[in-house]
Each structure stands twice: as structure tokens, then as C-alpha cells.
Amino acid sequence: MTTQFRPLILAISVAAAFAAPIAAAEVVKVAFIETLTGAFAPIGQNQLRSYQTFTEMGKQKKWAGEHSIEFVGFDNKGSPQESLNQLKSAIDQGYRYIAQGNGSGVALALVDAINKHNQRNPGKEVVFFNHSAIDPDLTNSKCSFWHFRFDANVDMKMEALSSFLAKDQSVKKVYIIGQNYAHGHQVTRAAKEFLKRKRPDIEIVGDDLHPIAQVKDFSPYVAKIKASGADTVITGNWGADLALLIKAAKDSGLKTNFFTYYAGTSGVPTAMGAAGEDLVKTVGYWEVNTIKFVPKTQYEYSKGIVDTFKKKYNDDFYTMATYSVVSLFSKAMKEAKSTDPVKVAFAMEGMKFQSMNGEVEMRKSDHQLQQPLFISTWSKVDGKEVINDRENTGYGFRTNQKIESFVASQPTSCQMKRPDRS
Amino acid sequence: MEFTFFSLLNGLSYGLMLFMLSSGLTLIFSMMGVLNFAHASFYMVGAYLAYAISSQIGFWPALVIAPLLVGIIGAAVERFGLRTVHKWGHIPELLFTFGLSYVIVEVVQLIWGRAAVRYVIPPELSGSLFTAYSTTFPMYRGFMMLIALLMLLAIYLMLTRTRIGLVIQAALTHPNTVETLGHNVPRVFMLVFGGGCALAGLAGVIGGNAFVTEPSMAATVGSIIFVVVVVGGMGSLAGAFFASLLIGVMQTFAVALDNSLVTLFGRFGVDFTPDTPGYEVLKLSISDVAPILPYLLLVLILIFRPMGLMGKREG
């Protein structure tokens, strides 16, 4: 009985095998090159989990059609040099997509290496998803066809931050402190530039750069801020460098406003606790407590993701860019009907897609994602506007203002060189 | 005034912390001639053990138990490792401790993972100690200073007032004579090594929660304590004390100074503009280079006073 069916089965499977290449389900692997050890590891770990959450979600909902995406961690120990080694090792293992973001110094090194690699190895191109390196150069003078940025850059955020700050007439003296590398330099430049334009009467009473990830005790810096008589501090610090700065400020009773870029990152909420209430403000491209600022369905969708993430990992979700990366990448693969990096990169340019901020656009001219920005203040959970807290502190961010994408948008000087479309 | 006062306090507390770390290192060096590269690793082990113990039975027991455990580990390392290597000379000893430092970091990462652990200051020590002008001084910093001073006093009394202290001092310079007098010199070595490690462990217990407890914490302090020992004079406890305070205060104040070569020359009427060649270097302020100042001091001391501030021996 069974023997009679065999030729038929054989014929079908042969047909299937020939038909397969057209719509073969591929698992596209992305090398996630971040700090996964040491004091800055919690951020990298958190983002890797965020990526994995969304690739899983995308797989179930078939965002990329038959294809699915997988993120694999590569530890760069926070160093540009080590990142290049990891990039090489990922390329050798056949990876054609990489993701990185924590550290513009690292991102600049990676872009440079990828440009060279792609030029020398046609047919083996690599595409770079940048989820949080925000040095403006990456989408201006050093822009690259292979690089896509999903965070808002320093200038976009400073535009929003300085407009907000300029309206507050109690701000008279500003102190700028940052990490001594590409990002820190850009923040201090942007702060001076934008404040001069918007509030020339504000005095810059201090401008400090400290080595990144080296300072364990910020009390000398805090004593200096205090001595300068500043009423407001602007800092681009992130991770342990921000947590320890706020901790030192808290310890010595420094009561200035802190305008930050990254107060929501791992460890900072715990360091702030009650001491940061109403003083610490942050500018970002996404916040969960936005019930008064975004459509209800969008708010509930975001909240659902945050709550699920918390339940699963007992950690806060904050790098929304990971959602944007998976969303755009999936849509581009589906529309290009290919997983080839060159075709996918062309598809991603200028594409409009769904992020957790609603529909956003990957600007074609410089590969800078255009999205709204939010300014929020560290406040006690009140169940009305501040619903989700951070790191179980009982405090969360109260959204003060939403800045629409077209307001936050900045011109670009990028002269993009594109490969031949094959 | 407010600034000077608090910077001085911050500098002193940082300096005392450095002293806790370097005292063990300098004691071991003066006794045994061993430059213990794994010393900072014992600091890290102290912090991690304190984290593990304090999450079970509280901070105060950890303050006592963790340094003792580190001391026992140190003594075991001397008894079963260094003593065997000792007969091959100083270079193998050096290499032994060098390798050991890597082994310890890896073991710590295997047990506690690669990320920082949540080792926090106990609530009873987390308030502020006093408020002067409008700045508050955290109680924990006061506690750190107190522990360091108590430790200094204890070492001093032990070395000068007790029998074992006298034997240690004698064994420092005349180990053979001490041995012929019937004292067990190898055991004294073991005690000193264990004791030195316990001091590093104690520094870890109180430094781990004041700063961050993570696998790279050993590397962060590892280089600076060598600076302290060299600047103070190899083997000199008093030298280590003054060098620690000097470096602590120097680094704290350097952060506050915004003077650079540009401002210095500007005072003499020589103005540099961003077009001047080397402007990037000239405009570096003292606060920008604060983190490398101790190493600059190290180089200068080695050139002009190789025996260190209070060292007795040459080189």
C-alpha cells in the first residue's frame, strides 16, 4: 500500500526543493557588539534582551514574512579596538548585519571599518544598526550608506532640551559635565551653541570632561559644581557614570536641576531614588508614561511591552530603538524580498514604518530616523500620569512635553555615497 | 572655603582608602620582597565576599568575616603556592602573583557573573554625618575614614607593641638571625601575607559598596596602589600613608583646577588661538588630566628620588 505513494511523495518533495529558494525561510543573524561585562554590562544585557523580545514577537507576527531574525551577543568590553576584533570575528562567522550603540567612539570605529570592508569585499557587505550612538557626525560629515541610526542625535535632543530649558527663567547658571570622548564633546559643544542662540543671558559656569568608565568617586566634581554656584547641570553621561554622579550629588546634598540624556538607563533610577525628585529631567525619543501625549492605543501597546518585559526579566525596558530596528529591518526584508544587505539597505532608506512612537521615517539623505522627542521629569508614581516606575523605586518619569519629529529634525551635511544598485 | 574644606575631606577619605589597600602591599613587599600583583584582586574578593555575606546575614558580620576569609585565602596562597615558588627566586614569585591575579578575576566572574552586583551601603550608615555651609558630608565616608584610621592604629600597635610585631620587624632585616633564634620565619611570612591580604579584603568590604562592585574593580585600583607604594618608598608603611594622602588630595583638587597652558601663557601676554599648532594639547586643563597625575608623579619620583619619599633602600 505504502509503496504506491512513494513516487508521488518523491515528486512533491523534489518540486518543493526547487520551489524553496524563492521563499526560503531564513534565520538572519545579527551580531550585537556591546559591553557585556563589567560596570556597563547591565545596559548591554538589557538591550540584548530587548532585541530578543522583539525578534520573538516579529517571528510570531511574521513581520518579515517567512524570515526571522536572531541577535547574538559579542562582548566588546567597551573598547573601540576590541569592537573591531569582534566585528572581524562576526564577519568571519558569516554575519552580514551588526548592531551597536553604546559609545559613539565605538560606533565611529565600526563605521570606518565597515566602509572599508564593504569596499574591499563586494558581495559580502555588512549593514550597521545603530540603536544609541548619537554623535551627530555619524549622520553628517561621517555618514555612511551602511549605517542606520535609530536614536535621535545629540543636536536633535539638545534642540528639544534647550528649548525647554530656555523657557525656565529661573535658570541662570549652567554647568556642563560629560565623558571625555566623542559623545561628551558633542554634548558640551551643542549645549553652548544652542543656549547661546536661545538664552544668551545664561552663564556657563563650568565645563568638565572626565574619563569614561574610570571615575568611581564623583564627589570632587560635585564639590566643584557646588562651588561654581550653578543652578542647572547638563550632562550627557550614561550608565555607571551618570549613576555615580547622581549618587555623589545626592550624598553631598547638591540641589541643582539635572538635564540628562540618559537618566532612564540601568542603575541610574536606583541611584537617584527620592533625592532626584523633580530635579532630574531627561530628554529621549520614547517614554512609557505618555498617556496625555499619545493616542490611547499606542500608550497601551507600549505599556503592555514594558509590563511583559518587567515580568519576564525583572528589568526595565527603555531602549525603544531595538523595536524600531527589528520593525524596519523586517519590513525591509519583506519588501525587498531578500535578506541581502545591499538590497535591504536600499529598501530601508526613506522607508516609513511602525515604531512604538507610531509611524516614523528613516530619512534617506543621512539615515537618521525622524521621530518625536519627549522631555520628562523624575517624579513619584501617582497612578494618573506617572504609572510605571523604574527599578522598583516608586518613582518614574512624568512626561512634560512632546516635541514632534519635524520640530526636533535637524539639517544634515551628509553627502551619501551609494553603491551601484545591482 | 566650603569648597576647600570638602575637597580636603574628600581627598583625605580617598587617600585613607588607598592607604588601606597599599599598606598590605607594602608590608608584604618589605617582609618578603614579593611584589604582589594579585593584591588588588584580594580587594575585589573582599568586596564580593562581603556582598555575598551581607545579603545573607547583614553588613556588620560581613565587615568582620569577609576580611578574615580573604586573610585565610591569602595565607593558603602563601603556604601552598608562594612558598614552593620562593626557592626559584623573585621573578617566578612575581610571575606567580601575576598569573594568580588573572585566575582570581576569572573565578570571581564564574561565581558572580560579569556584571556589577548590587552591594549597597547599609541603611544605618546611609544618611549624612554633618552639614557644613550647605554641603552635607555622607556618613559612610566618615565611616570609611574611621575604619582606615583604626586599622592604621592597630597595625602600628601590633608592629611596635607585640611580640609577633617585634619578630616581624626583626625578620624584615635579619631573617636568618631570627630563624637561628628559634622563630618560625616561614610561618611569620604566611601570617604577614595573610594579614596583608586581609587588609586588602577589608578595603574591599568598605570600598565595594561606596563605589561599584564589579570584576574590573581590581584593575581600576591595581595600578594606583603600585604608584602609592613606589612614591611612598617600597616597604615603608609611613611612606605609604603619606603617599596615599598626597595622591588622594592631589587628585581631588586637580579636578577643580581649570588652568591650562593656554591660560598660563595668557597671563604673560602670549595668546594662543585654536589655529596654533598643538592647541588641542595646550588647552587641556589640569582637571582634564587629573586621572593621569598620579602616574606622572610616579615617573618623576622614579627619576628624581628612586627610593621614594620615605624609602630606606635604593631602588
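Remarks
- Listed by position, the strands (runs of 3 or more DSSP E) inside the range A:334-422 whose residues that are under 21 Å from residue A:69 (Cβ atoms) number at least 1 are A:352-355, A:358-362.
- The set of residues in the range B:248-279 that are away from chain A (no Cβ under 11 Å) and among the acidic types (Asp, Glu) comprises B:271, B:275.
- Search result, residues across the range B:231-240 that are buried (at least 24 other Cβ atoms within 10 Å of the Cβ) and part of a helix (DSSP H, G or I): B:231, B:232, B:239, B:240
- Whenever a residue of the range A:206-225 is within 8 Å of another protein chain (Cβ to nearest Cβ), its partners that are in a loop (DSSP other than H, G, I, E, B) and polar (S, T, N, Q), lying with C-beta atoms within less than 8 angstrom and at least six residues away or across chains, give the pairs A:209/A:180; A:210/A:180; A:211/A:180; A:219/A:252; A:223/A:252.
- Matching residues in the range B:97-138 - criterion: being outside any loop (DSSP other than H, G, I, E, B), surrounded by 13 or more Cβ atoms within 10 Å (Cβ to Cβ) and at the interface with chain A (Cβ under 9 Å from one of its Cβ atoms): B:109, B:115, B:128, B:135, B:136, B:137, B:138
- Within the range B:245-270, the residues that satisfy the criterion of being aromatic (Phe, Trp, Tyr) and either modelled with pLDDT of 85 or more or assigned to a helix (DSSP H, G or I) (or both) are B:253, B:265.
- Residues in the range B:2-17 that are out of contact with any Phe, Trp or Tyr (no Cβ under 6 Å at 6 or more places or on another chain) and under 13 Å from residue B:254 (Cβ atoms) were compared, and the one that is nearest to the other protein chains (Cβ to nearest Cβ) is B:10.
This table checks each residue for (1) among the aromatic types (Phe, Trp, Tyr); (2) assigned to a strand (DSSP E or B); (3) outside the structural domain of residue A:35 (by TED's automatic domain parsing).
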{"position": "A:234", "(1), (2), (3)": "no, yes, yes"}
{"position": "A:238", "(1), (2), (3)": "yes, no, yes"}
{"position": "A:245", "(1), (2), (3)": "no, no, yes"}
{"position": "A:249", "(1), (2), (3)": "no, no, yes"}
{"position": "A:265", "(1), (2), (3)": "no, no, yes"}
{"position": "A:271", "(1), (2), (3)": "no, no, yes"}
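- Leading residue by the ranking (surrounded by the fewest Cβ atoms within 10 Å (Cβ to Cβ)) among those in the range B:195-230 that are within 15 Å of residue B:73 (Cβ to Cβ), away from chain A (no Cβ under 14 Å) and of a type in the set (A, V, I, L, M, F, W, C): B:198
- Every residue from the range B:201-214 that is touching a Gly at 6+ places or on another chain (Cβ under 6 Å) and either farther than 29 Å from residue A:242 by Cβ or in a loop (DSSP other than H, G, I, E, B) (or both): B:201, B:214
- Counting the residues of the range A:169-207 that are touching a Phe, Trp or Tyr at 6+ places or on another chain (Cβ under 9 Å) and surrounded by fewer than 23 Cβ atoms within 10 Å (Cβ to Cβ) gives 4.
- Where residue A:151 falls short, out of the listed (1) outside any loop (DSSP other than H, G, I, E, B); (2) acidic (Asp, Glu); (3) crowded, with 24+ Cβ neighbours inside 10 Å: (1)
- Residue A:296 falls short of the stated requirement of being surrounded by fewer than 22 Cβ atoms within 10 Å (Cβ to Cβ), touching a helix residue (DSSP H, G or I) at 6+ places or on another chain (Cβ under 9 Å), without any contact (Cβ under 8 Å) to a residue 24 or more places away in the chain and not assigned by TED's automatic domain parsing to the domain that holds residue A:379.
- Extreme residue, farthest from the chain's Cα centre (by Cα), among residues of the range A:128-142 that are surrounded by fewer than 23 Cβ atoms within 10 Å (Cβ to Cβ) and touching a residue at least 60 places away in the same chain (Cβ under 8 Å): A:141
- Scanning the range B:280-301 for residues that are away from chain A (no Cβ under 13 Å) and loosely packed, with under 14 Cβ neighbours inside 10 Å, we see that the one that is nearest to residue A:181 (Cα to Cα) is B:281.
- Checked against the criteria, residue B:123 does not count as out of contact with any helix residue (DSSP H, G or I) (no Cβ under 6 Å at 6 or more places or on another chain), modelled with pLDDT of 90 or more and not acidic (Asp, Glu).
- Exclusive hit being more than 14 Å from chain B (Cβ to nearest Cβ), of a type in the set (A, V, I, L, M) and outside any helix (DSSP H, G or I), set A:305, A:291: A:291
- Considering the range A:364-388, the residues that are without any contact (Cβ under 8 Å) to a residue 60 or more places away in the chain and touching a strand residue (DSSP E or B) at 6+ places or on another chain (Cβ under 7 Å) include one that is nearest to residue A:163 (Cα to Cα), namely A:370.
- Any hit, the range A:231-251, residues being surrounded by fewer than 21 Cβ atoms within 10 Å (Cβ to Cβ) and not basic (Lys, Arg): yes
The rows are residues; the columns are (1) within 23 Å of residue B:215 (Cα to Cα); (2) over 20 Å from the mean Cα position of the chain (by Cα).
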residue: B:34; (1), (2): no, no
residue: B:41; (1), (2): yes, no
residue: B:51; (1), (2): yes, no
residue: B:81; (1), (2): no, yes
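- Screening residue A:108 on (1) assigned to a helix (DSSP H, G or I); (2) touching a His at 6+ places or on another chain (Cβ under 9 Å); (3) touching a residue at least 60 places away in the same chain (Cβ under 8 Å) shows it passes everything except condition (2).
- Qualifying residue in the range A:28-38 (condition: within 12 Å of chain B (Cβ to nearest Cβ), part of a helix (DSSP H, G or I) and either modelled with pLDDT of 95 or more or surrounded by 15 or more Cβ atoms within 10 Å (Cβ to Cβ) (or both)): no
- Residue match in the range B:144-163 (condition: under 24 Å from the mean Cα position of the chain (by Cα), within 26 Å of residue B:60 (Cα to Cα), within 14 Å of chain A (Cβ to nearest Cβ) and assigned to a helix (DSSP H, G or I)): yes
- Single unsatisfied condition, residue A:83 versus (1) crowded, with 19+ Cβ neighbours inside 10 Å; (2) within 14 Å of another protein chain (Cβ to nearest Cβ); (3) among the small types (Gly, Ala, Ser): (2)
- The range A:388-418, residues that are of a type in the set (A, V, I, L, M) and in contact with a Phe, Trp or Tyr (Cβ under 8 Å, 6 or more places away or on another chain): A:403, A:416
- Yes/no for residue B:34 being more than 14 Å from every other protein chain (Cβ to nearest Cβ), free of Cβ contacts under 8 Å to residues at least 12 places away in the same chain and touching a helix residue (DSSP H, G or I) at 6+ places or on another chain (Cβ under 6 Å): no
The values are calculated or read from the model by the stated rules, or taken from the named source; none is laboratory data. Note that the coordinates shown come from a computational prediction; the quantities given were computed from them, not determined experimentally. Don't worry about glycine lacking a Cβ; one is built from the backbone with ideal geometry, like all the others, and counts go over all protein chains shown.
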